[in-house]
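Just below is one structure, and these are the notes that go with it.
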Amino acid sequence: MDFVDGVLNVLAPIFTATAFLFFFPAYLRFKSLRNVWRSFFSENVAGKVVVIAGASSGIGEHLAYEYGKRGAFLVIGGRRENALNQVAETAYMLGSPRVISLPLDISTVEDCRRLIDEAINQFGRLDHLVLSAGVTPVCMFEDTFEVDNFSPAMDINFWGPVYATYFAAPYLRMTRGKIVVIASSTSWLNAPRLSFYNASKAAVVSFFETLRVEFASDIGITLVTPGLIESEITKGKFLNKEGKMVVDQDMRDVVISAAPIETVQRCAEAIVNSACRGDKYLTWPPWFRMTFFVKTLCPELVDWFNRWYLVTDPGVPPTQAISKKIIDLPGLKDILWPDSVRSAKIKTS
């Protein structure tokens, strides 16, 4: 065994470098041609049945509008009944033939079963399952009062999609349907104060990459890893160190800083286009893909920068971080952030 490992330690890097130089460019050309082909023969979702979990705000809300414009039947779920009903009404007005709203908690097994059962009972089929529900704890790991304050991050961000997929999979196999998973670029960027959120999204990516192998071509899976998108999170709504939902725009400024925030409408349109093409991955905005390669090639540099830029010394308030000081420069938010983010007023419930 030691001999085999020793040989592989020598040969594997040589083989990988050779394959990269000679095979990778041809593979990229093939992928580009395939994407062009898929764009011409993109799926038409008019008359198809789409279930969206986490549709009461943010990306999930605007995905409901985008699918509605394209004529899909919708079953949308979320915690806030009034907001969900408003989304349903708007999606119907935009073109959906019928929208059913279902107040639920995606972190519970029975609510996920009920969401899928409602789609089958009402429409008799399921074509797209969109998983967009999420919660964001913002806190340094050692600052929380109770470590289980942030268990909702895994319950909602990870287990919710797992439950919904479990009940949806048999019906998606029948229609050769698709799963659209809203993960996050934080699954590889590992920004401080987002440890629980980062971990939950990395778990989501790993889980659905594995399901992609298990499902083979029966069910398509599009993994979406957005950068910073206009949402309640970018407006300052998150779980604080006590595990309570708050709106804290000063802490929002610390975490986001001088990064451009993409509009949610453009993001939703890109996601539905990507799902209908059958893409395996989508990072939006596209330039954000480069952060993956930077992290892969220069992990020490990324760690150092995040520490220097986003973290303060013990006893120093987070609002004294360099990231906060930079975004407070006059006029910078006007350049980088949409109006809805700069003037955000949202409720915690």
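The values are calculated or read from the model by the stated rules, or taken from the named source; none is laboratory data. Quantities reported herein were computed from a predicted structural model and do not represent experimental measurements. All Cβ positions, glycine included, derive from the backbone under ideal geometry; neighbour counts span all protein chains shown. These area figures cover heavy atoms from the full protein model, side chains too; ligands, DNA and RNA do not enter into them. Shrake-Rupley method; radii C 1.70, N 1.55, O 1.52, S 1.80 Å.
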Legend entry - Kirkwood hydrodynamic radius of the chain, Cα pairs, Å: 21.5
Legend entry - Label-point separation in nm, E81 to R113, each point 7 Å along Cα→Cβ: 2.2
Legend entry - For region 71-136 and region 319-343, distance of Cα centres in Å: 35
Inset, instruction - Take the chain, connect every pair of alpha-carbon atoms lying under 10 Å apart with a spring to form a Gaussian network, then pick out the residue of K325, K295, K31 with the largest mean-square fluctuation. - result: K31
Legend entry - Accessible surface ranking that places the most exposed of Y92, Y27 first, with a 1.4 angstrom probe: Y92, Y27
Legend entry - Ratio of Rg to Rh over region 124-232 (Cα coordinates, Kirkwood Rh, two decimals): 1.02
Legend entry - In range of the label at T16: residues from region 268-297 whose backbone nitrogen is under 19 Å from the point 7 Å along Cα→Cβ: 292-297
Legend entry - Approximate shape of region 73-183 as ellipsoid semi-axes (Cα gyration tensor, √5λ), whole Å, largest first: 28, 17, 11
Legend entry - For region 218-286: Kirkwood Rh in Å [reciprocal of mean 1/r, alpha carbons]: 13.6
Legend entry - Over region 1-105: Rg over Rh, Cα atoms, Kirkwood Rh: 1.37
Legend entry - Against the rule of thumb 2.2 N^0.38 Å, how large the Cα Rg of region 132-187 comes out: 1.47
Legend entry - Rounded to 5, the percent of DSSP beta bridges in the chain classed as antiparallel: 10
Inset, instruction - Go ahead and collect, in residue order, the members of region 36-73 whose backbone nitrogen is under 20 Å from a label point 7 Å along the Cα-Cβ direction of M174. - result: 45-53, 72-73
Legend entry - With DNA, RNA and ligands ignored, accessible area of E269 (1.4 Å probe; Å², nearest 10): 90
Legend entry - Scaled radius of gyration (Cα, divided by 2.2 N^0.38 Å) that region 193-349 gives: 1.16
Inset, instruction - Along Cα→Cβ, 7 Å out, is where each label goes; now give me the distance between the ones at N44 and D303 in nm to one decimal. - result: 5.3
Inset, instruction - Would you list the P(r) distribution for region 272-349, with all Cα-Cα distances sorted into 5 Å bins from 0 and each bin expressed as a whole %? - result: 3, 11, 11, 13, 18, 19, 14, 7, 2, 1, 0
Legend entry - E209 versus Y281: modelled label distance in nm, points set 7 Å from Cα along the beta carbon direction: 0.8
Legend entry - Nearest-10 value in Å² for the accessible area of V316, using the 1.4 Å probe: 60
Inset, instruction - Kindly report, to the nearest 10 Å², the accessible surface of C112 as traced by a 1.4 Å probe over protein heavy atoms only. - result: 0
